[in-house]
Amino acid sequence: MTITAIDRAAELLFGNADRSVVNVRFLCGGEPNVIAEELAEEIVVAEAQIRSGRARQITSVDAYLTELCA
């Protein structure tokens, strides 16, 4: 059985009861039709960035988006 990016993303987000995600938001850049497999691949990449210390924590999405648009 082949493990898909969707399976891997679900395992990363919800597979460990000690660190299960309780609040996740997906900002899809205004795209009305996002392909689940592509979104899952982004989750897998993001988790790898978090694990390696290359991710930046954003505590206010509104402030971050305002900063991007300025």
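The values are calculated or read from the model by the stated rules, or taken from the named source; none is laboratory data. From a predicted model like this one, the values you see are computed outputs, not experimental measurements. We place every Cβ from the backbone using ideal geometry, glycine too, and count neighbours over all the protein chains shown. With ligands, DNA and RNA removed, areas are computed over all heavy atoms of the protein, side chains included. Shrake-Rupley method; radii C 1.70, N 1.55, O 1.52, S 1.80 Å.
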> How many residues are under 18 Å from Leu13 (Cα atoms) and among the hydroxyl-bearing types (Ser, Thr, Tyr) if we restrict to segment 46-70?
Replying inline: 1
> What's the number of the condition Ala40 fails, among (1) in contact with a helix residue (DSSP H, G or I) (Cβ under 7 Å, 6 or more places away or on another chain); (2) among the small types (Gly, Ala, Ser); (3) part of a loop (DSSP other than H, G, I, E, B)?
Replying inline: (3)
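I'm checking my understanding of the structure. Among residues of segment 9-26 that are small (Gly, Ala, Ser) and farther than 16 Å from Leu39 by Cα, which one is modelled with the highest pLDDT?
Of the residues in segment 9-26, the ones small (Gly, Ala, Ser) are 9-10, 15, 17, 20.
Restricting the remaining residues to those that are farther than 16 Å from Leu39 by Cα gives 15, 17, 20.
On the way: Gly15: 83, Ala17: 73, Ser20: 64.
Checking each candidate, the answer is Gly15.
Checking the condition within 13 Å of the chain's Cα centre (by Cα) and open to solvent by 90 Å² or more (accessible area, probe 1.4 Å), which residue from Glu31, Glu47, Glu11, Glu37 passes? Before the answer, list the steps.
Details: Glu31 fails: within 13 Å of the chain's Cα centre (by Cα); Glu47 fails: open to solvent by 90 Å² or more (accessible area, probe 1.4 Å); Glu37 fails: open to solvent by 90 Å² or more (accessible area, probe 1.4 Å).
The conditions single out Glu11.
Give segment 44-53 a look and list any residue that's among the aliphatic types (A, V, I, L, M) and at pLDDT 90 or above, or say none. So that I can check it myself, show each step before the final result.
Initial filter on segment 44-53 (among the aliphatic types (A, V, I, L, M)): 44-46, 48, 50.
Residues satisfying the conditions are Val44, Val45, Ala48.
Within the group Thr2, Thr59, Thr66, which residue is in a helix (DSSP H, G or I), open to solvent by 90 Å² or more (accessible area, probe 1.4 Å) and not basic (Lys, Arg)?
Working: Thr2 fails: in a helix (DSSP H, G or I); Thr59 fails: in a helix (DSSP H, G or I).
Of Thr2, Thr59, Thr66, the one residue that is in a helix (DSSP H, G or I), open to solvent by 90 Å² or more (accessible area, probe 1.4 Å) and not basic (Lys, Arg) is Thr66.
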